[in-house]
Amino acid sequence: MDKLKKVLSGQDTEDRGGLSEVVEATSLSSGTRIKGFIACFAAGILCSLLGTLLLWVPRKGLYLFAVFYTFGNIASLGSTVFLMGPMTQLKRMFEPTRLIATIMVLLCFALTLCSAFWWHNKGLALIFCILQSLALTWYSLSYIPFARDAVKKCFTVCLA
């Protein structure tokens, strides 16, 4: 109604494009964003835990573990889309400071699923799940200022 009043009174001099109207109409409130983040993150953790429990199923357990663990990590990573939006998330994922970490995470996701579905190699699936965890940890540390430097320094001191 306010929009109609502004247009009729001549106060609406702003020429908006269709895209800005779509963005404004589809944007989520902060409460909805936090609920979406929590739901998606919880679903990711649940999938990862379910995958861990399915690890002990005879014959197909490792494959189920690889699939559920990967989907859980994808859901957990995707949950941040609710907090910052999809375009911002993609831009931040491919910034130069975390480009290699992002590529490693996505590559580990793909290789884990390939080893489970196409190559049927349990050993590779397990190795890629471990690498997936390490890559995701390194990627997550890139969002905390100086965290990766602190981890590097810690390992340098421990291994020296």
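The values are calculated or read from the model by the stated rules, or taken from the named source; none is laboratory data. The structure presented is a predicted model; accordingly, all values stated were derived computationally and were not measured. All Cβ positions, even for glycine, are placed from backbone atoms using ideal geometry, and neighbour counts span all protein chains on display. Heavy atoms of the whole protein, side chains included, go into the accessibility calculation; ligands, DNA and RNA do not. Shrake-Rupley method; radii C 1.70, N 1.55, O 1.52, S 1.80 Å.
With a Förster radius of 25 Å, plug the Cβ-Cβ distance of LEU50 and THR88 into 1/(1 + (r/R0)^6) and report the FRET value to the nearest 0.05.
0.25
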Round to a whole number: what % of the accessible area of region 86-154 belongs to carbon and sulfur, probe 1.4 Å?
77 percent
I'd like the accessible area for CYS158: 1.4 Å probe, protein heavy atoms, all chains in place, Å² to the nearest 10.
100 Å²
Whole-Hz Karplus couplings 3J(HN,Hα) for region 48-65, θ = phi - 60° and coefficients 6.51, -1.76, 1.60, Gly and Pro as x, run 5, 5, 4, x, 5, 5, 6, 4, 8, 6, x, 6, 9, x, 5, 5, 4, 4
Note on region 108-160: alpha-carbon gyration tensor, axes a ≥ b ≥ c; rule is a/c under 1.5 for rounded, else prolate if a/b larger than b/c, else oblate; result oblate
Computed over region 42-102: relative contact order in percent, which uses C-alpha pairs under 8 Å that are six or more apart:
30 percent
Along region 103-113, what does the Karplus equation 6.51 cos²θ - 1.76 cosθ + 1.60 (θ = phi - 60°) give for ³J(HN,Hα), rounded to whole Hz, x for Gly and Pro?
4, 5, 4, 5, 5, 5, 4, 5, 5, 5, 5
Mind putting together the pair-distance distribution for region 16-160? All Cα pairs, 10 Å bins, whole percent per bin, short to long.
11, 31, 31, 20, 6, 1, 0
